[in-house]
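To start, the structure itself, in structure tokens.
The values are calculated or read from the model by the stated rules, or taken from the named source; none is laboratory data. This one's a predicted model, so the numbers in the text were calculated from it and none came from an experiment. Cβ: placed from backbone, ideal geometry, glycine included. Neighbour counts: every protein chain shown.
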Amino acid sequence: MMTPYLLMAALYFSLAALMALDAALVNLTLLPWFNGMRWLRIHFITLGILTQLLYGMLPLVVALRARLPKPAIRWDIWATLNGGIMLLLIGIPLVSGVPIFAGGTLIFIATILLIIQLAQLKQTAVSATDGAAVHDGRKFYIAGLGYFLLGIILGTGMWIGWMEPLRVAVPVETHIHANNWGLMSLVFAGLLIDMYPQWFKRPFPAPQSSNTIFWLMTLGAFGLIFGPWFAAQTLLVVGLVLHLTATLWLLYAVIKPIWGDKKAWTIGVTHLTASYIWILAPVLVAPFVLLGVPGLPGRTIETTAPQALIYGWLLQFAFAALPYALMRLFQPDKTSGLGGSWFSFWTVNIGSVFLWASIFIASASGVLAGIAYMLWMIAMLPILAQSWRIVRGGLARFEDKNLAVSAGD
Ligand code: HEM
């Protein structure tokens, strides 16, 4: 059972909502800033919600696709991932080298173990099944996790002096690129392909393109990571073009079969697809920043745009995927659909519009960003309630069963 990961995801979800509220109040100057606030806010979502969701789901999804039995939980991976996250939660706000190094190392080990587990699921599958095209998403997961290893090295090494020996020209940007364009883009693409029949209620329409999409995205991520790493602008731009082509191709494949079919646009499907708007927004602005068009607040875009990417894209994707995964694991006998609500759809997306507005309307930027975080926090509430309801229902049944067993003893 992978439930311990998802229990952690639900817990971090609650903390992420609290941090969004805090960010709103800080931007509206109603609360003071505190050390590590910015880091915690982002990483409760990325490391807290998303890695738990992914580390819990990926072995199951790969096994399901390969028609293998459900893999048992790997407590070694769970403990190294969560132990590592906890050490970072202490180390980064304190800027303390030892827990940062220990935390990063544990998460690195968890990731290597997960890569090995996913790689091994294939070997068994080849002998167990006809081996034909059952592994569409798996290569996306393994490549994405491979890029995460770079992201971890950069995130961990940033404050303990590794950037010079590694010759990293722009550390934070390179770290964000490794995790967003490497890890998250690839893993989400694999999930969209693998889970298409369950999420979109029809077979994935373009299985023959998945290989090309994979290579375009993997090479694109390479350019997007090593471009800023070595201050090689051309590599960055080539990477951006390849990555964007892959993303648009994937979105075209995903959306085409349901285009015009109103009933297919459930709230979950709308959340998943709309989340990609917030990838495209910075990409559309990037050429103007690179060309140094006068009047564009390039610095502000660089520091603020990642927030919209995290809340608008990653978090919104999780709005749909997390309740689905919780339902599958905690209440497996009930049918599970994607999560989400129209209320959270509008609030999360209007929140992202406000954040972008805060970039361009400098005179009101604090208030606009404050409203953005408030909307994001409000958007989380129905999903949070939905998630805890599922968890509570599942755990209550588990306890009832235990009571019945002990009463019968
Ligand atoms: C072991 C894992 C990780 C470590 C050690 C780590 C560490 C860091 C550090 C040290 C910073 C710089 C903060 C600053 O300069 O104020 C940072 C920023 C950032 N990280 Fe991570 N990180 C990790 C995982 C992730 C993941 C999985 C993502 C997913 C996308 C991510 C996304 C970001 C973003 C978007 C920022 C910029 C935050 C901002 O603009 O305030 N990180 N991270």
Scanning the range 105-136 residue by residue, those modelled with pLDDT of 95 or more, more than 16 Å from the ligand (Cβ to nearest atom) and not hydrophobic (A, V, I, L, M, F, W, C) turn out to be Gln117
Residue by residue through the range 284-299, note down the ones that are over 21 Å from Ala231 (Cβ atoms) and in contact (Cβ under 8 Å) with a residue 24 or more places away in the chain. Pro297
Which of the numbered conditions does Lys70 fail, given that it passes all the others? Conditions: (1) near the ligand (Cβ under 9 Å from one of its atoms); (2) surrounded by fewer than 17 Cβ atoms within 10 Å (Cβ to Cβ); (3) not hydrophobic (A, V, I, L, M, F, W, C). (1)
Does the range 3-25 include one or more residues that are within 16 Å of the ligand (Cβ to nearest atom), crowded, with 20+ Cβ neighbours inside 10 Å and within 22 Å of Ala119 (Cα to Cα)? yes
Hits in the range 255-302 - residues which are under 23 Å from the mean Cα position of the chain (by Cα), within 29 Å of Phe343 (Cβ to Cβ) and not hydrophobic (A, V, I, L, M, F, W, C): Thr266, Gly268, Thr270, His271, Thr273, Ser275, Tyr276, Pro282
Can you tell me which residues in the range 323-354 are within 18 Å of Thr303 (Cβ to Cβ) and either more than 19 Å from the chain's Cα centre (by Cα) or surrounded by fewer than 22 Cβ atoms within 10 Å (Cβ to Cβ) (or both)? Phe354
Residue, nearest to the ligand (Cβ to nearest atom), within the range 26-43, restricted to residues that are aliphatic (A, V, I, L, M) and closer than 30 Å to Ala325 by Cα: Ile42
What are the pairs with Cβ atoms under 7 angstrom where one residue, in the range 300-311, is more than 8 Å from the ligand (Cβ to nearest atom) and the other, located anywhere, is among the aromatic types (Phe, Trp, Tyr)? Sequence gap at least six, or different chains. Ala308/Trp278; Ala308/Trp356; Tyr311/Trp376
Restricting attention to the range 156-183, the residues that are more than 16 Å from the chain's Cα centre (by Cα) and either near the ligand (Cβ under 8 Å from one of its atoms) or not acidic (Asp, Glu) (or both) number exactly 17
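Table: residues versus (1) assigned to a helix (DSSP H, G or I); (2) of a type in the set (Phe, Trp, Tyr); (3) surrounded by fewer than 17 Cβ atoms within 10 Å (Cβ to Cβ).
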residue	(1), (2), (3)
Arg202	no, no, yes
Pro205	no, no, yes
Ile213	yes, no, no
Val238	yes, no, no
Tyr252	yes, yes, yes
Extreme residue, modelled with the lowest pLDDT, among residues of the range 273-299 that are within 16 Å of the ligand (Cβ to nearest atom), in a helix (DSSP H, G or I) and closer than 25 Å to Leu191 by Cα: Val283
